Amino acid sequence: MDGMKKVPVREQDPKVRAHNFDEVCLGYNREEAMAEAERCLQCKNPLCQQGCPVSINIPGFIRKLREDDVPGAYEVISESSTLPAVCGRVCPQETQCEGRCVRGIRGEAVSIGKLERYVADTAAEMGIHPQPAKTRNGKKVAVIGAGPSGLACASDLARLGYDVTIFDALHKAGGVLSYGIPEFRLPKERVVDREIDNVRALGVRIETDVIIGKSVTIDELMDREGYDAVFIGSGAGLPKFMHIPGEQAMGVFSANEYLTRSNLMHAYREDARTPIYHAKKAVVVGGGNVAMDAARTALRLGADVTIVYRRSEAELPARKEEVHHAKEEGIRFELLTNPEEILTDENGWVSGVRCIRMELGEPDASGRRRPVPIEGSEFMIDCDAVIMALGTSPNPLISSTTDGLATTTKGGLVVNEENGETTRPGVFAGGDAVTGAATVILAMGAGRKAARGIDEYLRSRD
Amino acid sequence: MFKILKKEKLSANIYRMVVEAPRVAAHAMPGQFLIVRTDAEGERIPLTICDDDKEKGTVTIVFQPVGGETARMALLKEGDSFADVVGPLGNPSELVHVPVEELRKMKLLFIAGGVGTAPVYHQLKWLHAQGVDADCIQGARSRDILILEKEMQEVTGHLYFATDDGSYGIHGNVCVALQQLYDEGKRYDHCVVIGPMIMMKFACQLTKKLGIPTTASMNTLMVDGTGMCGACRLLVGGEVKFACVDGPEFDGWKIDFDQAMQRARMYKTEEGRLYLEEKEGETHHGGCGLCQ
Ligand SMILES: Cc1cc2nc3c(=O)[nH]c(=O)nc-3n(C[C@H](O)[C@H](O)[C@H](O)COP(=O)(O)OP(=O)(O)OC[C@H]3O[C@@H](n4cnc5c(N)ncnc54)[C@H](O)[C@@H]3O)c2cc1C
Ligand code: FES
């Protein structure tokens, strides 16, 4: 075995998986995991750990794995992470832990994500569950949103003995993990539901179908229902549109709508009762994970798919693996291209997109080179569906119905970096609701930090 | 939770259910809606709230089975439960923000079409409780599908009926009735219209001609109902609005009804196909020759 290269991970054949919703990556088996674990240099000063937003003791868990001690490895990871089976699958490892791996300087980095996933999946198969706290302190905390930040915050508080209830607006817990990220990347029953069950096993109650700000307000939770503190992990759910002509046409969807129909409502299944449009030719606008997920969902539902992105390949914000998988599956990329108008047929249904070529100019505020249109370079792409994956922003439902919650100009809640406390005493926040659309691991980390903040806050009031 | 405490038929094909949903009932205001799911695999169905009882923690819904999912709802019996009821969603009617003294001075007209009568009832009942009796034109195709006549009488100033076939009240649709009232010298300061989109479209055209500012309640396609998906978007005065969070009530003169109706049909073929497949098995091929 070439020590410079990762132990390859088994995947479904691209031609086969383009037609099903089963998980693309099959993960390591025991042998493969042990071989990959051997590649770790066990650095004294582990840069990988610094690259991890929640500072998982990476050499530590890999050491346990080498000793064939999966429960031990799981314990090490659990000190820092609540959702390892999820993060092992969806973290942008190439810019975090694996991006810093010393192995990566002259060869390929250790496959830390795949090892994390192996540990989490194997621990679950072995029936290892987190244990509820032995004593309860009788204090009540309300957590708003059952996405990664809310689940992480609730778990930590429950472990500390708090009586925690999570409220979620949807009928199912999980946040983006349930409604956004597709089955072929993050299996629902086998991974997401299992992680949620683990949170329940800690004694956390999850009440779905409750929209904070509509069904009940934060003030009522604190004044009437006896909650001593509140954590807001309501995510960044509002989709953006381009505001170009034709965007209201039939056949134009936000990625959120398209993915929610497919994932949350199971519309990808033959027997589903919620409809989804089965496009013949779909154009997906955007270059992030959401765009890749929408494109690959449309592909699996039978469409010929083109991704249109206004910058170049280097700037694609999606995980490298997703871009690679999308290409393998036959998705076309029109890079340095921007839609200008959506055209419709006589029935008002999308018939094509008029695009213009772009070139990269001077760097903009984000430090990335700004795309500028090339005059006269317009061209048409025929299609019968357009899916907009242009990013999302926080929903104002909670901030607008709660006094004393300051927000930034972009709609994110203002918090104290140290402990997640908002401008309103006793109310904490974290995840996409604060940062705008970011990542699972950052949301989870913010949820954990706020759990510590809440614990300190409530103890200081004793 | 979400138990059906009462179920009754209001007409041959319109049902009313009283459902236990304390969190929804506690905050429900006229004009708002909720979303239900019959069972674990059910579609999310938005329905306007037609009444609430804050003490008992119940809400009332009225619906007419049209497709697969509402047909399934109609099969539920008293004592059964919905898998989910979430709400209240959207904004309350703007009338609830008007000071009562002002409301009492206003001449208000409601126009209700078909099942739209039920949400209109919720608003009229609320107004009646404030000592405001508005007028209402209640329209239906025929007398036997007019619903809630008795309840409506109790909370309305003047209740006019309009039936397409002339079997009750004014012969003709709600627009014919409105024009007739206008010609008789009746004047109104504000109108609220709830019913099928096509009816709301023509009603708004007429009120614009007659100069009566009008609010219409938009029952667009929806998925989440919280502003997350954009399925419910429509054009109001040339601007994109989300019916679930910006509405459901909008300035009827400014709504692009044609486009809204088009978008409402977006899944008709897909839904219809699913429904047929379920009812009749794989029948959707062979025979007509159209697809060849
Ligand atoms: C399609 C898609 C693909 C992605 N892929 C990746 C990836 O590969 N890797 C990665 O790291 N990140 C990815 N992300 C981003 C990542 O999923 C998010 O950053 C993360 O889920 C944020 O977690 P959160 O807990 O802050 O919010 P969310 O996961 O958004 O959860 C928020 C929850 O709060 C609920 N809620 C909102 N408002 C209310 C209210 N008023 N009352 C009650 N409940 C409310 C919502 O229903 C939701 O369940 C992806 C996102 C999307 C949409
Ligand atoms: S129903 Fe999803 S945004 Fe309105």
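The values are calculated or read from the model by the stated rules, or taken from the named source; none is laboratory data. What you see is a predicted model; the values in this text were computed from it and never measured. A quick note on method: Cβ atoms are made from the backbone with ideal geometry, for glycine too, and the neighbour counts reach across all protein chains shown. Areas reflect the complete protein model, heavy atoms only, side chains present, ligands, DNA and RNA absent. Shrake-Rupley method; radii C 1.70, N 1.55, O 1.52, S 1.80 Å.
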Seminar exercise, completed: Conditions (1) open to solvent by less than 50 Å² (accessible area, probe 1.4 Å); (2) not in a helix (DSSP H, G or I) -> A:CYS48 fails only (2)
Seminar exercise, completed: All-but-one check, A:ASP228 against (1) of a type in the set (Asp, Glu); (2) within 14 Å of another protein chain (Cβ to nearest Cβ); (3) touching a strand residue (DSSP E or B) at 6+ places or on another chain (Cβ under 7 Å), failing number (2)
Problem set entry | Counted residues, region A:231-268 - those being in contact with a strand residue (DSSP E or B) (Cβ under 8 Å, 6 or more places away or on another chain) and farther than 30 Å from A:TYR162 by Cα | 21
Problem set entry | Scope region A:103-119; condition modelled with pLDDT under 95 and aliphatic (A, V, I, L, M); matching residues | A:ILE105
Exercise. Among (1) part of a strand (DSSP E or B); (2) farther than 30 Å from B:ALA264 by Cβ, where does A:VAL353 come up short?
Worked result: (2)
Problem set entry | Sole exception among (1) within 16 Å of ligand 2 (Cβ to nearest atom); (2) in a loop (DSSP other than H, G, I, E, B); (3) in contact (Cβ under 8 Å) with a residue 12 or more places away in the chain for A:SER178, by number | (2)
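In this structure, does A:ALA437 turn out to be in contact (Cβ under 8 Å) with a residue 60 or more places away in the chain, of a type in the set (Gly, Ala, Ser) and open to solvent by 20 Å² or more (accessible area, probe 1.4 Å)? First the steps, then the outcome.
Numbers: in contact (Cβ under 8 Å) with a residue 60 or more places away in the chain: yes; of a type in the set (Gly, Ala, Ser): yes; open to solvent by 20 Å² or more (accessible area, probe 1.4 Å): yes.
When the stated conditions are applied, A:ALA437 passes them.
Which residues, taken from region A:41-79, are within 27 Å of the chain's Cα centre (by Cα) and in contact (Cβ under 8 Å) with a residue 60 or more places away in the chain?
A:CYS48, A:CYS52, A:PRO53, A:VAL54, A:ILE56
Of all residues in region A:195-218, count the ones that are of a type outside the set (Asp, Glu) and either under 9 Å from A:ALA169 (Cα atoms) or within 13 Å of chain B (Cβ to nearest Cβ) (or both).
The initial filter retains those residues of region A:195-218 that are of a type outside the set (Asp, Glu), namely A:196, A:198-206, A:208, A:210-218.
Now narrow it down to the ones that are either under 9 Å from A:ALA169 (Cα atoms) or within 13 Å of chain B (Cβ to nearest Cβ) (or both): A:208, A:210-217.
Number of matching residues: 9.
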For this session: Determine whether region A:328-343 contains at least one residue that is away from ligand 2 (no atom under 16 Å from the Cβ) and in a helix (DSSP H, G or I).
Result: yes
Problem set entry | Residue among B:VAL193, B:VAL176 that alone is open to solvent by 30 Å² or more (accessible area, probe 1.4 Å), of a type in the set (A, V, I, L, M, F, W, C), more than 16 Å from ligand 2 (Cβ to nearest atom) and more than 14 Å from every other protein chain (Cβ to nearest Cβ) | B:VAL176
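Output the number of residues of region A:153-188 satisfying the condition of being among the hydroxyl-bearing types (Ser, Thr, Tyr), more than 11 Å from ligand 1 (Cβ to nearest atom) and either within 13 Å of another protein chain (Cβ to nearest Cβ) or surrounded by fewer than 24 Cβ atoms within 10 Å (Cβ to Cβ) (or both).
Number satisfying all stated conditions: 1.
Is at least one residue of region A:309-320 in a strand (DSSP E or B) and over 21 Å from the mean Cα position of the chain (by Cα)? It would help to see each step written out before you state the result.
Here is the first cut: in region A:309-320, the ones in a strand (DSSP E or B) are none.
Within region A:309-320, not a single residue is in a strand (DSSP E or B) and over 21 Å from the mean Cα position of the chain (by Cα).
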Exercise. A:ASP403 passes all but one of (1) within 30 Å of A:VAL350 (Cβ to Cβ); (2) out of contact with any Ser or Thr (no Cβ under 7 Å at 6 or more places or on another chain); (3) surrounded by fewer than 19 Cβ atoms within 10 Å (Cβ to Cβ); which number fails?
Worked result: (1)
Problem set entry | Flag if B:GLU184 is in the same structural domain as B:VAL98 (by TED's automatic domain parsing) and surrounded by fewer than 19 Cβ atoms within 10 Å (Cβ to Cβ) | yes
Seminar exercise, completed: If we keep only residues of region B:237-256 that are within 14 Å of chain A (Cβ to nearest Cβ) and away from ligand 2 (no atom under 14 Å from the Cβ), then the residue most open to solvent (accessible area, probe 1.4 Å) is B:GLU239
Problem set entry | Residue list for region A:414-434, restricted to those being out of contact with any Gly (no Cβ under 8 Å at 6 or more places or on another chain) and open to solvent by 20 Å² or more (accessible area, probe 1.4 Å) | A:VAL414, A:GLU417, A:PRO425
Exercise. From the set of residues in region B:216-225 that are at pLDDT below 95 and among the polar types (S, T, N, Q), which is farthest from ligand 2 (Cβ to nearest atom)?
Worked result: B:ASN219
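Among the residues of region A:5-33, write down those that are among the β-branched types (Val, Ile, Thr) and part of a helix (DSSP H, G or I). Even if it seems obvious, please write down each step before you answer.
Narrowing region A:5-33 to residues among the β-branched types (Val, Ile, Thr): A:7, A:9, A:16, A:24.
Listed by number, the list holds a single entry, A:VAL16.
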Seminar exercise, completed: Within region A:241-266, the residues that are more than 13 Å from A:ILE387 (Cβ to Cβ) and either basic (Lys, Arg) or at the interface with another protein chain (Cβ under 9 Å from one of its Cβ atoms) (or both) are A:HIS243, A:GLN248, A:MET250, A:LEU264, A:MET265, A:HIS266
Exercise. Is it true that some residue in region A:122-143 is open to solvent by less than 40 Å² (accessible area, probe 1.4 Å) and within 14 Å of chain B (Cβ to nearest Cβ)?
Worked result: yes
Problem set entry | Residues of region A:373-400 satisfying the condition of being more than 27 Å from B:ALA231 (Cβ to Cβ) and either open to solvent by 50 Å² or more (accessible area, probe 1.4 Å) or within 16 Å of ligand 1 (Cβ to nearest atom) (or both) | A:PRO373, A:ILE374, A:GLU375, A:GLY376, A:GLU378
For this session: Answer yes or no as to whether A:GLU225 is more than 16 Å from ligand 2 (Cβ to nearest atom), in the same structural domain as A:PRO182 (by TED's automatic domain parsing), charged (D, E, K, R) and over 23 Å from B:CYS244 (Cβ atoms).
Result: yes
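Test A:GLU195 against the stated conditions and say whether it is outside any helix (DSSP H, G or I) and either within 23 Å of the chain's Cα centre (by Cα) or not hydrophobic (A, V, I, L, M, F, W, C) (or both).
So A:GLU195 does not fit the description; no.
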